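Reviewing the structure listed below.
A short reminder: the numbers here are calculations on the coordinates, not readings from a lab. None of the values given here were measured: they were computed from a predicted structure. Cβ placement follows ideal geometry from the backbone for every residue including glycine, while neighbour counts extend to all protein chains displayed.
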Amino acid sequence: MLDKTASGLVHGMLASSLKITPFAIMSRPVAGVRGDTVIVTLPGSPKGAKENLESIIKLLPHACIQAAGGDSRVIHSGGMKQLEKEAGVASSGGVHDHHSHLYESGGLASDDAAGMTSGCGHHHHAPTPRTQQDGELRSNDLTGDVTQRHRSSPYPMVSVKEAHKLVAQKIPASEVVKKKVDAGLVGYILAEDVRAKESVPAFRASIVDGYAVVHTDGVGIYPVVGVSHAAPGEMKPLEAGQIARITTGAPLPPGATAVVMVEDTRIAKATEDGTEELEIEILASGLTELENVREVGSDMKTGDLLLRKGAEITAVGGEIGLLASVGIVEIEVYKKPVVGVLSTGDEIVPHDRDEALKVGEVRDSNRPTLLAAINARGYEAVDLGIAKDQPGTLEDVLKDALSKVDVIITTGGVSMGEKDLLKPTIERTFNGTIHFGRVAMKPGKPTTFATIPVGANASKPIFSLPGNPASATVTFHLFVLPALRQLAGYIGDDIHLAKALVVVEQDLVLDPRPEYHRAAIRIDKSGGLVARSTGGQRSSRIGSMEAANALLCLPGLSEVGDKRTRIPRGDKVEALIIGELKVSGF
Ligand SMILES: Nc1nc2c(c(=O)[nH]1)N[C@H]1C(S)=C(S)[C@@H](COP(=O)(O)OP(=O)(O)OC[C@H]3O[C@@H](n4cnc5c(N)ncnc54)[C@H](O)[C@@H]3O)O[C@H]1N2
Ligand code: MOO
Ligand SMILES: [Mg+2]
C-alpha cells in the first residue's frame, strides 16, 4: 500500500522495544507514506502498541508535514526544536529561518499527535480524502499470491440507480460526424437543426385526376386544350373558358386555378376515331380557388425548420423521407459507438468448435449473444475473441481493442476468484478508474464499469460484465445499452429502456437482492400487458433469456421488509422492455 517506506520510524520502534525485551527482534513493524498520509502499524498487544507509539509519537508531526509536502527548512526551524527536545533527539541544527509561521499558525501542538496519524488534516496542505477519482487502486495485485487476495470485496455495493447515474456522468461526450441521407441513417441523432432547402411541392400540383379549370367558369361544356401528366415539361397557359386534362401530382397549367375530379365530368365530344377528348362537360358547381390543388410550399416551405437537433432518425422512416423530400443529402449526426466484445476465461472455447468438450471447458455463449444484441440495436460490433485468464494476454487484447473501438465489453473475471483479473488489469495496467465494481442486483452483482485514459483528456468506457450468461445479457441491456445510446447522442430518459406496468401471471418469489426477472410480456385481449416468467432464473441459465422481451423489476426482500416474500399472481410490477411486444387474441 505504501508509496514510500519510512524505515527510520521502524528502527525507532524496534530500538525502543529491544530495550524492553530481546523478543522484539521478532516483531515486524511497518511505517511509511501513502499519498499525504503517514501510516504506522503497531503490535497487537496493548503494551507493545503503547511502547511503540510512545517511541515515535513526538516525531509524527514532523513526519506528517513532510508527507504533506512541507518545506524541510520549515520543519527544522524554531517550532521544531521544542519537539526535538521533547522527543529526546538532537537538533539537526543549521537551518533555521523565518518560515516558522507554518508551525505557529498550523496548530501543530505536540500533544496533537493522534490527529496527525489520521491524515495530517489541518495545515496549509490539507489532504483531500483519497477517493477512487484520485486513482486509488482497490483491486488485487496482478502479481500477488492468492493468500494475499481480498477476502471481502473492496468495491462498495451501489444501487442500480446510482450505477446508472455514474454511467451517465462518466461516458465521454458524443462526437459529431457527417452522414449521407440514406437507409444507413436509422438510429442516428441529429447534431444540428435542419431547415428545408426547397419547397414541397415545388410547383402548383393537382391532388386528383381530372381537369384543370379556371374556378370562376362554373358548370358547362369546355374545350380540352392541353394535357398535363405528372412529368416534367413545358405547359401551355390556360385561359378562361378552356380546360386541360391533368393527372394526380401533375403541375397546373399557368392560369388554371382549380381541378375538377374526372368523376364530376362527362365526355361531350370526342375525335372521329374516338381516341381523344375534344369537349368535356363540367358538372361540379361552386368551385373555390385552389380546390384540389396543392399550392407551392404548402407541405413545406424553403427555410422551414424540418428537424430539430436531437431528433432521432427512426426505423419508421419518416425523418429520412422528410430529409429526402427537400433535397438534403448529408447531415450532421452524433457518431454511433463501435463496440468491442471480449470473452475471458481459460475454460471458454468458441461455441462452434467441433470437438467434444473436455472436462471444465465451457462453450462461449456470451460473445455471440452480445454481438447479436449490439448489431440488432444498430451499432457496429467488433469481435475481440476470447482472452485467457493471464494478465499479459488480457493486457495485449485490451490495448489492441482500445485502438479500435469506442466501448469495450468484457464478460467474466470480475468477481472474487484469484483468476478474476479484469479489475486489477483495468486499474493497474491501464491506469483506469473503476466507477463501480458491484451493483445491488440479481443477476449481475459484480458488474463493473470503468473508464480508461487514452491520451490527454480522453477516455474510453469499459463494461466488465459478469461471466454468467444471464448476468451478462441482463446487464448489457440495463447498463451498456443506455451508455451506447448516450454516446450516440440520445439525451435524458431517452437513453433508457422503456418501462411499463404489467400483470404477473404467476407468483414470483423474491430474492434478497432486487431482481431483474426475465419474462415474456404480451398485450392481451383487453389491451393490458401480462407477463409470463421464463422459468428458472439462475444466473448461469441463458435459457432464462430465451423468448424474453422484458425484465420485471422485482424489489429485493430487504426493501419490502420480511412481510412479503413473493409477488402474488395478478399483481402489477414494472417491466423494462428489451424486445418486441407480441399480442394475444388479436
Ligand atoms: N466468493 C464469491 N464468489 C462469487 C461472487 C461473490 O460475490 N463472491 N459472485 C458470484 C456472482 S453473483 C457472479 S455473477 C459470478 C461472476 O463471476 P465472474 O464475472 O468472475 O465470471 P467467471 O468467474 O469468469 O465466470 C462465471 C461463470 O460464467 C461462465 N462463463 C464465463 N464466460 C462465459 C462465456 N463467455 N460464455 C458462457 N459462460 C461463461 C464461467 O464458465 C463460470 O461458470 O461470480 C460469483 N462468484
Ligand atoms: O449477480 Mo450473479 O449475476 O447472481 O450470478
Ligand atoms: Mg469469477
(message) I need two numbers for segment 290-360: Rg to one decimal and Dmax as a whole number, Cα atoms only, in Å.
(response) 25.3, 81
(request) Compute the FRET efficiency between K301 and V560 as 1/(1 + (r/R0)^6), taking r as their Cβ-Cβ distance and R0 = 56 Å, and round to the nearest 0.05. (result) 0.45
(message) If each residue of separation counts as 0.36 nm, what is the full-extension length gain between L290 and D507 once their alpha-carbon separation is subtracted?
(response) 71.7 nm
(message) Let me spell out the model: positive unit charges on the Cβ of Lys and Arg, negative unit charges on the Cβ of Asp and Glu, origin at the Cα centre of segment 499-577. What dipole size does that give, in debye rounded to 20?
(response) 120 debye
(message) Please list 3J(HN,Hα) in residue order for segment 42-53, calculated via the Karplus relation 6.51 cos²θ - 1.76 cosθ + 1.60 where θ = phi - 60°; whole Hz, with x for glycine and proline.
(response) 10, x, x, 6, x, 5, x, 4, 5, 4, 5, 5
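What FRET efficiency would be calculated for the residue pair D571, S325, taking the C-beta separation as r and a Förster radius of 56 Å, to the nearest 0.05?
0.70
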(message) Given contacts defined as C-alpha pairs under 8 Å and at least six residues apart, what's the relative contact order of the chain, whole-number percent?
(response) 11 percent
(message) Give the lysines reachable from K19 as a straight Cα distance under 19 Å; neighbours fewer than 8 places away on the same chain don't count.
(response) K47, K50, K58
(request) Can you tell me the relative contact order of segment 499-577? Whole percent, Cα pairs under 8 Å, sequence separation 6 or more. (result) 47 percent
(request) Find, among the trypsin sites (Lys or Arg not before Pro) in segment 191-237, those assigned to loop by DSSP (not H, G, I, E, B) with at most 16 other beta-carbon atoms within 10 angstrom. (result) K197
(message) Please rank M300, M13, M261, fewest neighbouring Cβ atoms within 10 Å first, as an exposure proxy.
(response) M261, M300, M13
(message) Counting other beta carbons within 10 Å of each residue's own, what order do C553, C64 fall into, fewest first?
(response) C553, C64
(request) Compute the relative contact order of segment 21-65 as a whole-number percentage, counting only Cα pairs closer than 8 Å that sit 6 or more residues apart in sequence. (result) 27 percent
(request) With θ set to phi - 60°, apply the Karplus curve 6.51 cos²θ - 1.76 cosθ + 1.60 along segment 298-307 and write out the HN-Hα couplings as whole Hz, x wherever there is a Gly or Pro. (result) 6, 7, 7, 9, 3, x, 4, 6, 8, 9
(message) Tell me which of M235, A31, L14 sits at the most positive position along the dipole axis of the chain, charges placed on C-beta atoms (Lys, Arg +1; Asp, Glu -1).
(response) L14
(request) Would you tally the net charge around A244, using a Cβ to Cβ cut-off of less than 14 Å, leaving A244 out, and scoring K and R as +1, D and E as -1? (result) -4
(message) For a quick check: with amide H placed at 1.01 Å from N, whose amide H comes under 5 Å from V414's, ignoring anything fewer than 5 positions away on the same chain?
(response) G467
(message) Cross-link candidates for K301: which lysines have Cα within less than 21 Å, leaving aside residues fewer than 8 places away along the same chain?
(response) K197, K309
(message) I'm checking a number: the convex hull volume of the Cα atoms of the chain, normalised per residue, in Å³. What is it?
(response) 293 Å³
(request) Please give the helix 391-404 orientation as an angle from the longest Cα principal axis of the chain, in degrees from 0 to 90, rounded to the nearest 10. (result) 30 degrees
(request) Find out how many positive minus negative residues lie around A256, taking Lys and Arg as positive, Asp and Glu as negative, among other residues whose Cβ is under 12 Å from that of A256. (result) -1
(request) Report the label-to-label distance for K269 and V186 in nanometres (one decimal), using points 7 Å from each Cα along the Cα→Cβ vector. (result) 5.7 nm
(request) Would you calculate the separation in nanometres between label points at I221 and K499, each defined as 7 Å from the Cα along the Cα-to-beta-carbon direction? (result) 7.4 nm
